[in-house]
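Remarks on the structure that follows.
Just so you know, all these numbers are worked out from the coordinates, no wet-lab data involved. Predicted, not measured: the structure shown is a model, and the values here were computed from it. Here the Cβ positions follow ideal geometry from the backbone for every residue, glycine too, while neighbour counts run over all protein chains shown.
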Amino acid sequence: MRDIISILKSVGAIVTHSHFVGTSGRHMPGYIKKDKLTMHTKTTSEVGKLFANKFKNKNIEAVVAPAVGGIPLSQWTAYHLSQITKKDVLSLYTEKDEKSNQIFKRGYDLVVKNKRVLIIEDATTTGGSVKKVVSSVKKAGGKIVTVCVMINRDPKLVNSKSVGAPFSSLGIFKVPSYKEKDCPLCKKHIPIDTETGWGKKYLEYKI
């Protein structure tokens, strides 16, 4: 079985040597293009199997991820856990509200109550989205077994303590990230990439 970095590289999902802006607003020289992965069902299934094998002995009853990027990962992970454990593992997701919190809609809060939950995410820079999912699962009465991300860009910044639950990742792709005022890429006047990440929205907001 291939590791997560090999899988991502095989579909061109790891991009470096440019000036990217993440969803958190932080600037970075490397980026994980999740859409490059999720357009391929076979490789997305492969990633789901990595998650499933990692937690196959944890008696997971529901997999929860933030929309939109986490949905296919949640589905494939739940699918493979169901195949491995011979139990019906559910796939659920949270959605952004008007304040950018990750909340349960569609009655999923009632479904997750008292269930043993695995929270997953594609890639994380600050862990902000994951922390919001953790909060919603706890509020709904779900039992968080563990949190796992596909790629952790900064283990010093994102860990069990910062997330508020047991935390791990399938792989680490260390990419430094900076606040705009501290960004060395900005200081070198390297143009922001508007094709990948949140660069286009970031520039529109600045205008």
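Tabulated results
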{"quantity": "Other-chain or far-sequence residues with amide H under 5 Å of Asp122's (modelled H)", "calculated": "Met150"}
{"quantity": "Selected from Leu170, Ile71, His189, residue furthest toward positive end of dipole (the chain; charges at beta carbon)", "calculated": "Leu170"}
{"quantity": "Cα-based reach from Lys34 at 18 Å (exclusive), listing lysines while leaving out same-chain residues under 8 positions away", "calculated": "Lys9, Lys42, Lys49, Lys174, Lys200, Lys201"}
{"quantity": "Protection proxy ranking of 55-63, 75-83, 191-199 - average other beta-carbon atoms within 10 Å, highest first", "calculated": "75-83, 55-63, 191-199"}
{"quantity": "Read-out Cα extents along the principal axes in Å, derived from the coordinates shown; its label in [x] 54, 38, 28; [y] 41, 37, 35; [z] 48, 42, 32", "calculated": "[x]"}
{"quantity": "In degrees, nearest ten, helix 70-85 long axis to first principal axis of the chain (Cα)", "calculated": "30"}
{"quantity": "Solitary cysteines of the chain, where the nearest other Cys Cβ is not under 4.7 Å", "calculated": "Cys148"}
{"quantity": "Backbone HN-Hα couplings from phi across the range 28-43 [Karplus 6.51/-1.76/1.60, Hz, Gly and Pro as x]", "calculated": "7, x, x, 8, 9, 8, 4, 5, 5, 7, 6, 6, 9, 5, 5, 6"}
{"quantity": "Nearest 10 degrees, 0 to 90: helix 128-139 Cα axis against the chain principal axis", "calculated": "30"}
{"quantity": "HN-Hα J in Hz across the range 113-126 - Karplus 6.51, -1.76, 1.60, θ = phi - 60°, x for Gly and Pro", "calculated": "4, 6, 8, 7, 10, 9, 9, 10, 8, 6, 9, 9, 9, 10"}
{"quantity": "Spatially proximal aspartates and glutamates relative to Lys115 (Cα-Cα < 17 Å; intrachain offsets below 8 disregarded)", "calculated": "Glu61, Asp88"}
{"quantity": "Placed amide H near Phe167: partners under 5 Å, 5+ positions off or other chain", "calculated": "Val147, Ser160"}
{"quantity": "Debye, to nearest 20: dipole size of the chain, +1 on Lys, Arg Cβ, -1 on Asp, Glu Cβ", "calculated": "480"}
{"quantity": "Cα-centre dipole for the range 75-148 with unit charges at Cβ (Lys and Arg positive, Asp and Glu negative), debye to 20", "calculated": "340"}
{"quantity": "Using θ = phi - 60° and Karplus 6.51 cos²θ - 1.76 cosθ + 1.60, couplings along the range 164-179 (whole Hz; Gly, Pro as x)", "calculated": "x, 6, x, 9, 7, 9, 6, x, 10, 10, 5, 10, x, 10, 9, 5"}
